[in-house]
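A.B. asks: Quick one: this structure, given as structure tokens, is what I'll be asking you about.
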Amino acid sequence: MILILTQDAKPESPEYRQLMGHLAHLPNIRTSIHTEKGEEQVLTEIYLIGNTQALDIEDMKNLPCVENVVRISEEYRVLGRHGADHRPSHFDYNGVRFGQDTLNVFAGLCAVDNPEHVEIMMRALQENGQNCTRMGAYKPRTSPYSFQGHGKSCLHYVFELAGKYGIRVIAMEITHESHIDEITNALEKTGDPTGVMLQIGTRNTQNFELLKIVGRQSRFPVLLKRGFGITLDESLNAAEYLASEGNRKVIFGLRGMKTNMSDPHRNFVDFAHVPVVKRLTRMPVCIDPSHSVGSRAGGPEGILDVMHVTAQGVVAGANMVLVDFHPAPAHALVDGPQALTLDELPYFLEDVAIARTAFEKRCELNGKFKHPAASSGV
Ligand code: PEP
Ligand code: MN
């Protein structure tokens with residue numbers, strides 16, 4: 001059970017102390033307090049763990065400082081959507097809002113190769129009204145002999161250039177806890193010109209020790225990619241590891257599943273799960289069309305499969321698109337064959353906007369026919 005406190009609830013107030021005193025006397029119940037500092041307010045939630053079946057919702061609602069009470073299931077305690085749970089499904093980071101009702105495009109380099117390409121990419125993003133990007137510095141590669149990313153040596157120029165071109169958030173994969181310190185130090189040395197969203201890649205979805213460490217910091221939001229060979233439930237539990245340690249600024253990324261059934265695509269596109277994740281949890285959902293499709297193949301009408309699947313995800317309500325672009329894909333050090341080129345950026349963004357409008361119209365249509373969604377069963 002979660003007690004959602006009123007916005008003005010202060011730990012030092014007599015009402016708050018009275019509430020905590022009451023909770024301390026409930027038999028077989030322990031409490032865990034989560035606070036979330038938003039830009040405008042502090043949200044405090046008290047999780048009651050143990051024999052909560054014996055507690056009456058109305059009694060709990062009448063306690064001091066309590067605004068609302070949600071009975072939760074065992075699953076995805078923090079990030080899950082529990083019954084009539086109207087808690088917010090968004091967070092703000094460095095001036096950008098991420099929610100189940102927003103859409104942000106993170107077009108950028110799969111792997112940073114040199115400052116010239118980073119600058120060309122970021123300039124193009126600014127010219128096209130974008131303030132987010134992806135920049136890989138730490139690359140998890142199948143072969144130990146492949147380029148592993150420039151690591152911390154590229155961070156300074158990536159961050160400085162981001163500041164120069166108005167980029168507010170960079171999605172950047174980390175594969176080890178030490179990378180958090182390297183990113184923090186580089187941001188500090190360059191005067192915090194941008195923000196970073198830590199990306200946990202599909203190969204690390206169940207690296208629980210890494211998840212716990214990333215979850216214990218709340219400075220950076222996290223993009224957790226779905227594991228490519230595990231169930232959706234297992235991946236959602238991985239996200240819950242982050243939240244249970246304190247960081248709920250988590251975006252869930254769909255990036256396709258590893259199976260030969262997906263041939264000729266690199267992975268089996270799983271964007272049908274966009275509404276599923278939004279129904280089961282309060283996380284914004286990201287789609288990664290580049291790593292799903294893995295090529296620049298297209299349909300007979302000339303539209304690339306990468307663009308088709310992007311549209312499919314956005315039409316279904318995706319909240320973030322992580323997509324590989326490169327100024328010269330033939331020279332990219334990682335994943336050149338799936339990258340879009342910079343002259344395709346305005347086209348890509350317009351195609352995304354068409355799909356988003358279609359999604360919004362579909363929501364309106366649903367409202368008109370008042371077709372209630374079936375419950376999640378959670
Ligand atoms: C990536 O986004 O660069 C990446 C390696 O993705 P994934 O973990 O989904 O393979
Ligand atoms: Mn890649």
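The values are calculated or read from the model by the stated rules, or taken from the named source; none is laboratory data. No experiment lies behind these values; they were computed from the predicted model shown. Here the Cβ positions follow ideal geometry from the backbone for every residue, glycine too, while neighbour counts run over all protein chains shown. Just the protein is used for accessible areas: all its heavy atoms, side chains included, with ligands, DNA and RNA removed. Shrake-Rupley method; radii C 1.70, N 1.55, O 1.52, S 1.80 Å.
A.B. asks: For F220, are the conditions met, namely being crowded, with 20+ Cβ neighbours inside 10 Å, out of contact with any Gly (no Cβ under 8 Å at 6 or more places or on another chain), modelled with pLDDT of 95 or more and in the same structural domain as V158 (by TED's automatic domain parsing)?
C.D. replies: No: the conditions fail for F220.
A.B. asks: Which members of the stretch 323-366 meet the condition of being farther than 17 Å from S295 by Cβ and within 16 Å of ligand 1 (Cβ to nearest atom)?
C.D. replies: Result: L333, single match.
The rows are residues; the columns are (1) under 25 Å from M197 (Cα atoms); (2) aliphatic (A, V, I, L, M).
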site: G298; (1), (2): no, no
site: E301; (1), (2): no, no
site: H308; (1), (2): no, no
site: V314; (1), (2): yes, yes
site: A318; (1), (2): yes, yes
site: A330; (1), (2): no, yes
site: V334; (1), (2): yes, yes
site: Q338; (1), (2): yes, no
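A.B. asks: Kindly indicate whether any position in the stretch 81-97 is in contact with a His (Cβ under 9 Å, 6 or more places away or on another chain) and in contact (Cβ under 8 Å) with a residue 12 or more places away in the chain. Reasoning before the result, please.
C.D. replies: Here is the first cut: in the stretch 81-97, the residues in contact with a His (Cβ under 9 Å, 6 or more places away or on another chain) are 97.
Narrowing further to those that are in contact (Cβ under 8 Å) with a residue 12 or more places away in the chain: none.
There is no residue in the stretch 81-97 that is in contact with a His (Cβ under 9 Å, 6 or more places away or on another chain) and in contact (Cβ under 8 Å) with a residue 12 or more places away in the chain.
A.B. asks: Out of the residues in the stretch 258-276 that are within 29 Å of D85 (Cβ to Cβ) and touching a Ser or Thr at 6+ places or on another chain (Cβ under 9 Å), state the one that is surrounded by the most Cβ atoms within 10 Å (Cβ to Cβ).
C.D. replies: The extreme case among them is F271.
Residue-wise test of (1) modelled with pLDDT of 95 or more; (2) among the β-branched types (V, I, T); (3) over 21 Å from the mean Cα position of the chain (by Cα).
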position	(1), (2), (3)
R97	yes, no, no
N104	yes, no, no
D113	yes, no, yes
V118	yes, yes, yes
M121	yes, no, yes
R134	yes, no, no
Y138	yes, no, no
P144	yes, no, yes
G149	yes, no, yes
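A.B. asks: Where the second residue is open to solvent by 40 Å² or more (accessible area, probe 1.4 Å) and not in a loop (DSSP other than H, G, I, E, B) and the first is touching a residue at least 12 places away in the same chain (Cβ under 8 Å) and lies in the stretch 138-149, which pairs have Cβ atoms under 6 Å and are six or more apart or on separate chains?
C.D. replies: Here the result reads P140/R203, each pair linking the stretch 138-149 to a residue that is open to solvent by 40 Å² or more (accessible area, probe 1.4 Å) and not in a loop (DSSP other than H, G, I, E, B).
A.B. asks: OK, next. Looking only at the stretch 103-116, filter to residues that are over 14 Å from V169 (Cα atoms) and surrounded by fewer than 20 Cβ atoms within 10 Å (Cβ to Cβ); which one of those is nearest to ligand 1 (Cβ to nearest atom)?
C.D. replies: Out of the qualifying residues, it is N114.
A.B. asks: Looking at S290, S295, can you tell me which residue is away from ligand 1 (no atom under 14 Å from the Cβ) and among the polar types (S, T, N, Q)?
C.D. replies: S295
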